[in-house]
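Working notes, structure below.
Nothing in this text is a laboratory measurement; each read-out follows from the coordinates by a stated rule. Keep in mind that what you see is a predicted model, and the values were worked out from it rather than measured. Don't worry about glycine lacking a Cβ; one is built from the backbone with ideal geometry, like all the others, and counts go over all protein chains shown.
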Amino acid sequence: MPRMLDVSDEVRSEIGDDEADRLLGGDRAPDSYECTSCRTPGDTHVEPTSTVLFVGDETAVLAFAHARCIPSQVVPVSEEQLVGAVRSISQSQSGAPDLAVPVAAPAPITPTPSTPVGGTNQPPAPGQAAILGITCGLVLHGKVGHASLVVEPTGPVGRPASTSGEDEFLDLLQDAGFQPVIDLDETPEQLSGWSVLVAMGKLHAILQPAAAGGSTGWWQAHQPLQVTDAWRMAASQLSEVTMYAVPAGMVGRQPREDLLRQALERAVALGQVVAASLPLAGT
């Protein structure tokens, strides 16, 4: 029985025509799999299935997903993250061969200092660079819950080479296209070139446009960060994530989403929030 498999041109260009044809012919594709997006079972014989290629610095690993969840695509990840992906895929697709093929190294994602989701926002030590703290949560826009990230540095963020000590974090983001938030119920405009990378059910990075084309890392987790099922489902359904940014000490670590919203509303009232909707990259 033929498999209902989609191999995008982007994936085909990475793995080659011969490997793509073997996949479509059934030689290298599993009968059943765990969707790399929604983490529920799938069957390549009875439902449209997407091929998702996780690309590291030197190797690539192929995973599978329901076509209704995500299209066939290439997802860039670090080599360290790829190790975890291989382990997860191997566990969920026991008996099915993993595809690991040499690839041309993509533009590297430069790691940016980070704290865990909901991490503490203590002031940095004198002379120490500010760290970006990330908090995940669902923020209601009207009656619709949007997967959101609140980015808050641990101290003032200045422009490159600036020695004034002045905090220009929000100004820098506005220069990049983020807009001031006036009403938390309004969904901000989508920002071209930026995206949020979620792979294997975890938050990996916030990507920004690269000067030479493509994307590069604006923020990247030291280790992929676990997100809730509700957050991941909201992001997947809308294919985007709302990113809010605030100055140091404005929101802080909030243990509940209702408290996070209250803190954001206070920051909005002070004119201290910028935001944008970022497309969801990966799964």
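Structure notes:
- Spread of Cα-to-Cα distances over 5 Å intervals beginning at zero, given as percent, for region 132-282: 2, 10, 19, 24, 22, 15, 6, 2, 0
- Charge dipole (debye, nearest 20) of region 145-221; +1 at Cβ of Lys and Arg, -1 at Cβ of Asp and Glu: 500
- Evaluating 6.51 cos²θ - 1.76 cosθ + 1.60 at θ = phi - 60° for every residue in region 195-202, the Karplus couplings come out as 7, 10, 9, 10, 9, 6, x, 10 Hz, glycine and proline recorded as x.
- Scaled radius of gyration (Cα, divided by 2.2 N^0.38 Å) that region 185-243 gives: 1.18
- Pairwise centroid distance, computed over Cα atoms, of region 185-199 with region 219-283, Å: 11
- Rounded to whole Hz, the Karplus (6.51, -1.76, 1.60) HN-Hα couplings of region 174-189, x for glycine and proline: 5, 4, 7, x, 5, 10, x, 9, 9, 9, 5, 7, 8, 7, x, 5
- Ranking of 146, 141 by count of other Cβ atoms within 10 Å, fewest first: 141, 146
- From least to most packed, judged by other beta carbons within 10 angstrom and beginning with the fewest, 243, 4 follow the order 4, 243.
- Stretching the chain fully between residue 47 and residue 183 yields a gain of 44.8 nm (0.36 nm per residue, less the alpha carbon separation).
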